[in-house]
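Undergrad: One structure, pasted below without further comment.
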Amino acid sequence: MNNRSIKNFKIMVIDDEKIVCDMAKLSLEQDGYIVETFLNAEPALKRLEEERFDVVVTDYKMKDIDSLEVLRRVKRLYPETEVIIITAFANLDATIEALRGDAFDFFPKPVKIRDLKESIKRALSNK
Amino acid sequence: MIKDIIVFLKSILLKRRRSRAELPFNLVFSRFKDILNSNTKALEIMADMGDKLSGDYLFDINYIRKAYSDLSEALNNSIRSFDTLTEKRGPQKIKGFSGVIIKYPELHDVFARIDGRIKKMVYGEVTGGDIPLIVLYEDITWDMRHAVGGKNANLAEVKNYLKLNIPDGFAITTSAYDEFIRHNGIDKQLKRLIDEMNLAELKRLIMGGNIPPELDSAIEEAIQRLLGKGYHRCAIRSSAEEEDSEVSFAGQFETVLNVPLNKEKVEDAYRNVIASLFSERAITYQKRFEFEPGSLRMAAGCLVMVDARASGVIYTEYYSHKTSGILINATWGLGKSIVEGQVDADRYFLSKEAEPGLIEKRVGKKKR
């Protein structure tokens, strides 16, 4: 984050609950990030094909695509983009699978927004 | 004089002993602790929910559902313990029964009403997208209870966790109900027909409705599976979203017995079960418990028939006219006539204790 202003960092949030997207967008934009939110993974992945995002925050369980599939496809497109997974269905297997799959971080819901912001900062610290 | 004092003291001590025998001190103390613990737990859950609402957290509907489920359980436990603390025991006879008397039955009614309303709000947002149209009993889990309805969920729990002998079968989910109602355009007329109490027309639309192709195939597949196991007949049972929960809906909806395991017959019985959601009696019952008629969704259970020598109904928490305990009604053959109140069944009333004791038995005048 040394050479870039925080304003240049783009964050994508994918969650099938609007309230999660809205709250994440509101609080991350307050810190100056550019935030785009998606209720489904498929349109989010299409958007990613058009433009690179620095961090993708995605729900673990979504209606259309599994978040681990999102993780794989994001990494295939942009290996340097970090993916943070949040989930209401936290279990050890899911955590291990996510971290093995190269997720940057994994949070059970409810997520403390401060913790999520810290994680995003860490993810961006080498960029 | 001293003799008089001794007699007086004896009378007090004996009186106390009798009272303790009615409700042992360890039970009173344990229930008192339960009330305090449940109350503390309820307050902690509410404080946690307040904390999550502060704007410092990202949370979704699953958190709200889990938190409310825990809160509801804590309050329910608190009320049950309060019942024990305030109950009266003795020779009182109410409507033919003697036994424990609940002092504040209104608490149960108020709790059921509020609990029902909140659950409606919390679970009302579930969309049918993720819910299959048919779920086999062995695959039903407790978190599917709103999709398969209370009766199916409870039976599946008993089958899958307690491993009791429950007939084989499958659930036709609330998602299937939504599909059926939408497919036949009933959703657009439902509110108007209920408002006008034109229930005959509503029944006609349901009974004449087509089963959506995807549901039709799913039912056929599930039937073939049961036929393959050597079964030939089934019962199609109602299992509405809130049925057998805090509000029992006992005897309100249809059960069709002895249905041949044939797709057309099963689907006909299924339509009958759906239609029973809108009978005049069922609508009145829903209004009484503050469910908006038309908002409740009907799942159904298809269970293989059992060749019953005798059958019955057990109320493990029987509250009526301030009486409480376990009530068993039994008769020869199938139990449907009991549920519908058509038979003078045998009645057994037992105390609800670690070792239930028979308080009263009455053999009904019934035919084999």
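The values are calculated or read from the model by the stated rules, or taken from the named source; none is laboratory data. Bear in mind that the values here come from a model prediction, so they are computed numbers and not experimental data. Cβ coordinates were reconstructed from backbone atoms using ideal geometry, including for glycine residues, and neighbour counts include every protein chain displayed. The accessibility values were calculated without ligands, DNA or RNA, using every heavy atom of the protein model including side chains. Shrake-Rupley method; radii C 1.70, N 1.55, O 1.52, S 1.80 Å.
Undergrad: Do we find a residue being open to solvent by 40 Å² or more (accessible area, probe 1.4 Å), outside any helix (DSSP H, G or I), in contact with a Gly (Cβ under 8 Å, 6 or more places away or on another chain) and within 29 Å of B:ALA308 (Cβ to Cβ) anywhere in the range B:232-242?
TA: Yes, because at least one residue in the range B:232-242 is open to solvent by 40 Å² or more (accessible area, probe 1.4 Å), outside any helix (DSSP H, G or I), in contact with a Gly (Cβ under 8 Å, 6 or more places away or on another chain) and within 29 Å of B:ALA308 (Cβ to Cβ).
The rows are residues; the columns are (1) touching a residue at least 40 places away in the same chain (Cβ under 8 Å); (2) among the small types (Gly, Ala, Ser).
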site: B:ALA156; (1), (2): no, yes
site: B:TYR161; (1), (2): no, no
site: B:PRO167; (1), (2): yes, no
site: B:THR173; (1), (2): yes, no
site: B:ASN184; (1), (2): no, no
site: B:LYS191; (1), (2): yes, no
site: B:ALA200; (1), (2): no, yes
site: B:MET207; (1), (2): yes, no
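Undergrad: Tell me yes or no: at least one residue of the range B:277-284 is in contact with a strand residue (DSSP E or B) (Cβ under 7 Å, 6 or more places away or on another chain), open to solvent by 20 Å² or more (accessible area, probe 1.4 Å), outside any loop (DSSP other than H, G, I, E, B) and at pLDDT below 90.
TA: Looking through the range B:277-284, none of the residues is in contact with a strand residue (DSSP E or B) (Cβ under 7 Å, 6 or more places away or on another chain), open to solvent by 20 Å² or more (accessible area, probe 1.4 Å), outside any loop (DSSP other than H, G, I, E, B) and at pLDDT below 90.
The rows are residues; the columns are (1) within 17 Å of B:ALA147 (Cα to Cα); (2) in contact with a Pro (Cβ under 7 Å, 6 or more places away or on another chain).
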position: B:LEU277; (1), (2): yes, no
position: B:LYS287; (1), (2): no, yes
position: B:PHE291; (1), (2): no, no
position: B:LEU296; (1), (2): yes, no
position: B:CYS302; (1), (2): yes, no
position: B:VAL306; (1), (2): no, yes
position: B:SER311; (1), (2): no, no
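Undergrad: Filter the range B:332-354 down to residues that are in a loop (DSSP other than H, G, I, E, B) and modelled with pLDDT under 80 and give me whichever is farthest from B:PHE253 (Cα to Cα).
TA: Selected residue: B:ALA354.
Undergrad: OK, next. Residues to consider are B:LEU190, B:LEU199, B:LEU205; find the one that is aliphatic (A, V, I, L, M), open to solvent by less than 60 Å² (accessible area, probe 1.4 Å), under 18 Å from B:ALA299 (Cβ atoms) and out of contact with any strand residue (DSSP E or B) (no Cβ under 6 Å at 6 or more places or on another chain).
TA: Result of the check over B:LEU190, B:LEU199, B:LEU205: B:LEU190.
Undergrad: Looking at the range B:299-331, which of its residues are among the aromatic types (Phe, Trp, Tyr) and at pLDDT 80 or above?
TA: B:TYR315, the sole residue that qualifies.
Undergrad: Within the range A:5-14, which residues are at pLDDT 90 or above and surrounded by fewer than 18 Cβ atoms within 10 Å (Cβ to Cβ)?
TA: Result: A:LYS10, single match.
Undergrad: Can you confirm whether the range B:51-58 contains a residue that is more than 13 Å from every other protein chain (Cβ to nearest Cβ), modelled with pLDDT of 90 or more, surrounded by fewer than 18 Cβ atoms within 10 Å (Cβ to Cβ) and farther than 15 Å from A:VAL20 by Cβ?
TA: no
Undergrad: Let me ask another. Considering the range B:59-72 alone, what residues qualify as being at the interface with another protein chain (Cβ under 7 Å from one of its Cβ atoms) and either modelled with pLDDT of 85 or more or open to solvent by less than 40 Å² (accessible area, probe 1.4 Å) (or both)?
TA: B:PHE59, B:ASP60, B:ILE61, B:TYR63 - these are the residues of the range B:59-72 that are at the interface with another protein chain (Cβ under 7 Å from one of its Cβ atoms) and either modelled with pLDDT of 85 or more or open to solvent by less than 40 Å² (accessible area, probe 1.4 Å) (or both).
Undergrad: Let me ask another. How many residues are open to solvent by 10 Å² or more (accessible area, probe 1.4 Å) and within 20 Å of A:GLY101 (Cα to Cα) when one looks only at the range A:15-48?
TA: Looking only at that region, the number is 1.
Undergrad: Right, something else. Looking at the range B:122-203, what helices (runs of 4 or more DSSP H) fall wholly within it and have at least 1 residues that are in contact with a His (Cβ under 9 Å, 6 or more places away or on another chain)?
TA: B:145-160, B:174-183
Undergrad: Tell me, yes or no, whether the range B:126-145 has at least one residue that is modelled with pLDDT of 75 or more, open to solvent by less than 70 Å² (accessible area, probe 1.4 Å), out of contact with any helix residue (DSSP H, G or I) (no Cβ under 6 Å at 6 or more places or on another chain) and farther than 23 Å from B:LEU227 by Cβ.
TA: So far as the range B:126-145 goes, yes, one or more of its residues are modelled with pLDDT of 75 or more, open to solvent by less than 70 Å² (accessible area, probe 1.4 Å), out of contact with any helix residue (DSSP H, G or I) (no Cβ under 6 Å at 6 or more places or on another chain) and farther than 23 Å from B:LEU227 by Cβ.
Undergrad: Hey, another quick one. Residue under question is A:ILE86, and the condition is that it be open to solvent by less than 10 Å² (accessible area, probe 1.4 Å), touching a residue at least 40 places away in the same chain (Cβ under 8 Å), β-branched (Val, Ile, Thr) and part of a strand (DSSP E or B); does it hold?
TA: yes
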